[in-house]
Amino acid sequence: MIVMENVYKKYPNGVVAANGIDVAIEQGEFVYVVGASGAGKSTFIKMMYREEKPTSGKIIVNGIDIAKLKSSKVPLFRRSIGVVFQDFKLLPSLTVYENVAFALEVIEESPRIIKKRVMEVLELVNLKHKTRMLPSELSGGEQQRVSIARSIVNSPSIVIADEPTGNLDPDTSWEIMKTFEQINSHGTTIVMATHNKDIVNTKKHRVIAIDGGMIVRDEQRGDYGYEA
Amino acid sequence: MSEMNNEVITVMKLRTIGRHVRESFKSIWRNGWMTFASVGAVTVTLLLVGVFYVILMNLNEVANSIEEDVTIKVLIDTTATPEQQKALETELKSMPEIKSVVFSSKDNELNQLVDSFGQQGEILKLYEQENPLNDAFLVKAAEPETTKQVAKKIEKLESVHLVNYGQNDVDKLFKIISISRNVGLVIIIGLLLTAVFLISNTIKITIVARRREIEIMRLVGATNGFIRWPFFLEGLWLGIFGSIIPITIIAILYKNIYGYLAPKLEGNFIQILEFTPFVYQVSLLLLLMGCIIGVWGSMMSVRKFLKV
Ligand SMILES: Nc1ncnc2c1ncn2[C@@H]1O[C@H](COP(=O)(O)OP(=O)(O)OP(=O)(O)O)[C@@H](O)[C@H]1O
Ligand SMILES: [Mg+2]
């Protein structure tokens, strides 16, 4: 469950990227965040996983007010959230398996659990047969699936994705979309910023439209709504 | 929230320590020339620190052994009766700050004076009949550093004509030691800062090379401590590696010097420091300084480039 109350964000350079946001996202929802470039989608999303702190307002994620969270507590908070990016952010020298395992190793999970969980999520994203390959040996879609596997390997309750299909061709984008819907079907909340009109209009979910740092539209089973 | 607290406090697992050590060695290997330069800087610094330290400590020991030998000469009033002389001796012997009291007759004093002048001293023999010198007590202070105060105290006693002590030479030696210590300190601090700077640059390279890894660690919730450990260790290793050559060289050098000088100084009151435990002390000091330089250098970079 994510709740924002009267959230403002002013960057040090004076840009106001969030201008009074009120929103509630229930556990298990699938939410698209749409809007023109520079509208404030990434800022909205970054505040959910405490990459950016709001200038004022409340942000409650799974019962914790993360606007007030001490920085020493951020790492433990992050373990309850998975994040996926447009550029995958894989480590080039590690294999598929190692890239996913990395996320659990650095939070000191036991080897037994790491092995079990990594194989589970690689099966979920359909990459069980490519565990030993390096990212450079994979297609863009496969790389993105590795990064999705990494984001869910710690069983987060929320997965946040910032334009996950931004670098992918339409067919591959649909594949990725399927993967997200599958994750969502297990009860994980998905918040996805996207410019992909086809997907938003075809795979109907809640749509939050942002413009000038404000939520200008919020519809269940909404449309992309404007020409990009 | 309380669950979070508990997790933070758990002791570092053995597996985690192994991982940090592995990662730190990987970086050392990967940084190649920078690693070499950092270790080299630490080596040069510690070698100089070690040589200075050995020289200064030994000069100090020499000065102390000379000072140890400083005698206070208490000249007895020529008018003093044997009873008064006896009373003075008893009084001197009863002072706790005095270690020993030895009587030296004026004839004895004259002979020594004659001896000290060698050939030209013969002329002083003319005084043999009419010896103008005083009988004296040769006094040693229990603590050589208190010689001056003890001498002042003795001066005030009855039947004392004059008090002499040869403090000047020792003072000069101590002055030389203090000057060389200050000069050495300035040079060493300069070198130390250079070594710290080089190490912090090496660690910076590691941090930059690993920024993607660090970014992902942050994202998936690795603690700050976990992220920092490999960098601390890398700095520590650089410092420790840098101390190996200086420790070896100084141990070998001192063994030879000690082997050469010690027999020559046998029976002399001048002393240099024994090989053991002195070389162990120097080695420990250099190792410790290496560790401090390494950790300090890495802390500078970690603080600057790993802002949380
Ligand atoms: N770190 C930052 N410092 C200063 N200004 C920033 C920063 N990040 C974003 N901004 C500004 O805030 C506004 C919103 O940016 P944001 O990245 O949230 O937009 P967006 O909707 O994600 O755009 P896009 O679709 O291009 O990704 C923009 O004007 C941007 O220039
Ligand atoms: Mg964006």
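Some notes on this structure:
- Buried on assembly, region B:10-57 (at least 30 Å² less accessible surface than by itself, 1.4 Å probe): B:Lys13, B:Arg15, B:Arg19
- log10 of Debye I(q)/I(0), alpha-carbon scatterers only, for region A:91-155 at 0.20, 0.27 Å⁻¹: -0.66, -1.19
- Convex hull (Cα only) mean projected area of region A:126-209, reported in nm² to one decimal: 5.8 nm²
- Sum of side-chain charges, A:Thr188 neighbourhood, beta-carbon under 11 Å (Lys, Arg +1; Asp, Glu -1): -2
- Assuming charge only on the beta carbon of Lys and Arg (+1) and of Asp and Glu (-1), the dipole of the protein assembly as shown about its Cα centre is about 2500 debye to the nearest 20.
- Accessible area per residue for region A:91-155 is 45 Å², calculated with a 1.4 Å probe on protein heavy atoms, without ligands, DNA or RNA.
- Placing unit charges on the Cβ atoms only, positive for Lys and Arg and negative for Asp and Glu, gives region B:175-308 a dipole magnitude near 580 debye about its Cα centre.
- According to the Cα-based calculation, Rg over Rh for chain A is 0.96, with Rh computed by the Kirkwood formula.
- Across chain B, C-alpha contacts under 8 Å between residues 6 or more apart give a mean separation that, scaled by the residue count, equals a relative contact order of 30 percent.
- Separation of region B:150-221 from region A:1-73 is 53 Å, based on Cα centroids.
- Based on every Cα atom in region A:33-130, Rg and the maximum pairwise Cα distance Dmax equal 16.4, 48 Å.
- Two-site label geometry, B:Lys13 and A:Ser157: point separation in nm, points 7 Å out along Cα→Cβ: 2.4 nm
- Relative contact order [Cα under 8 Å, 6+ residues apart], chain A, whole percent: 28 percent
- The convex hull drawn around the Cα atoms of region B:213-284, when projected onto a plane and averaged over every direction, covers 6.6 nm².
- Cα-Cα over 19 Å, subset of B:Lys86/B:Lys106; B:Lys86/B:Lys156; B:Lys99/B:Lys172; A:Lys46/A:Lys89; A:Lys46/A:Lys204: B:Lys99/B:Lys172; A:Lys46/A:Lys204
- 1.4 Å probe, heavy atoms, protein only - residues of region A:133-166 losing at least 50 Å² accessible area vs chain alone: none
- Each 20 Å bin from zero holds the following percent of Cα-Cα pairs in chain B: 24, 33, 23, 15, 4, 0.
- Whole-Å distance, taken between Cα centres, linking region B:245-308 and region A:75-125: 46 Å
- Taking a quarter of the surface of the Cα convex hull of the protein assembly as shown gives a mean projected area of 38.3 nm².
- Only the Cβ atoms of Lys and Arg (+1) and of Asp and Glu (-1) were treated as charged; on that basis the dipole of region B:71-164 about its Cα centre amounts to roughly 340 debye.
- If you take all other residues with their beta carbon under 15 Å from the beta carbon of B:Tyr258, and give Lys and Arg +1 and Asp and Glu -1, the sum is -1.
- Straight-line cross-link partners of B:Lys264 among the lysines, defined as a Cα under 17 Å from its Cα and at least 8 positions apart when in the same chain: B:Lys255.
- Computed from the Cβ-Cβ distance with R0 of 51 Å, the FRET efficiency linking B:Tyr127 to B:Ile189 stands at 0.30.
- Equivalent-ellipsoid semi-axes for region A:1-47 (Cα gyration tensor, √(5λ), whole Å, largest first): 21, 13, 8.
- Proximal charge balance of B:Gln281 [Cβ under 14 Å; K/R count +1, D/E count -1]: -2
- Of all DSSP-defined beta bridges confined to chain A, some 50% are antiparallel rather than parallel.
- Region B:110-208: Cα Rg divided by the 2.2 N^0.38 Å rule of thumb: 2.15
- Set of region B:280-297 residues, backbone N closer than 12 Å to the point 7 Å along the Cα-Cβ line of B:Ala262: none
- Whole-percent carbon and sulfur share, accessible surface of the protein assembly as shown, 1.4 Å: 58 percent
- The contact residues of region A:82-122, meaning those that lose at least 40 Å² of 1.4 Å-probe accessible area when all protein chains sit together rather than their chain alone, are A:Lys89, A:Leu91, A:Phe102, A:Val106, A:Glu108.
- Note on A:Thr165: accessible area is roughly 10 Å² with a 1.4 Å probe, heavy atoms of protein only.
- The ellipsoid that matches the Cα gyration tensor of region B:71-164 has semi-axes, each √(5λ) in whole angstrom, of 26, 16, 10, with the longest given first.
- Between chain A and chain B, roughly 2300 Å² of accessible surface gets buried, counting both sides and using a 1.4 Å probe.
The values are calculated or read from the model by the stated rules, or taken from the named source; none is laboratory data. In this text, all values refer to a predicted model and were calculated from it rather than measured experimentally. Neighbour counts run over all protein chains shown; Cβ positions are idealised from the backbone, glycine included. Note: areas computed on protein heavy atoms with side chains; ligands, DNA, RNA excluded. Shrake-Rupley method; radii C 1.70, N 1.55, O 1.52, S 1.80 Å.
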